[in-house]
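Engineer: Quick one: structure below, then a few questions.
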Amino acid sequence: MKNVSRVLLIVAAVAIAGLAVFLATWDIPAPTSKVEKVIPDERFPR
C-alpha cells in the first residue's frame, strides 16, 4: 500500500508539472473582434 501511495503522488506531481509547462508555453491568440462603444457627452464634466 505504501508503494501505491508513492506512485500516485509521483503521477500527480508529474501531471501538475506538465500542466504548468503547458500553460507557460501556450501561445494564446489575441482577440480579433473589434469593440466600439458610443459614450454620450453627458457623462463628461465641462
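Engineer: Could you work out [θ]222 nm for the chain from helices alone, using -39500 (n - 2.57) per DSSP H run of at least four and dividing by all its residues? Round to the nearest 500 deg cm²/dmol.
Structural biologist: -18500 deg cm²/dmol
Engineer: For the chain, max minus min Cα coordinate along each principal axis, in Å, sorted largest first?
Structural biologist: 74, 23, 13
Engineer: Helix 2-25 against the longest principal axis of the chain: what's the angle in degrees, Cα atoms only, rounded to the nearest 10?
Structural biologist: 30 degrees
Read the figures in this text as sums done on the coordinates, not as results from a lab. Small disclaimer: the values here were computed from a predicted structure and weren't measured.
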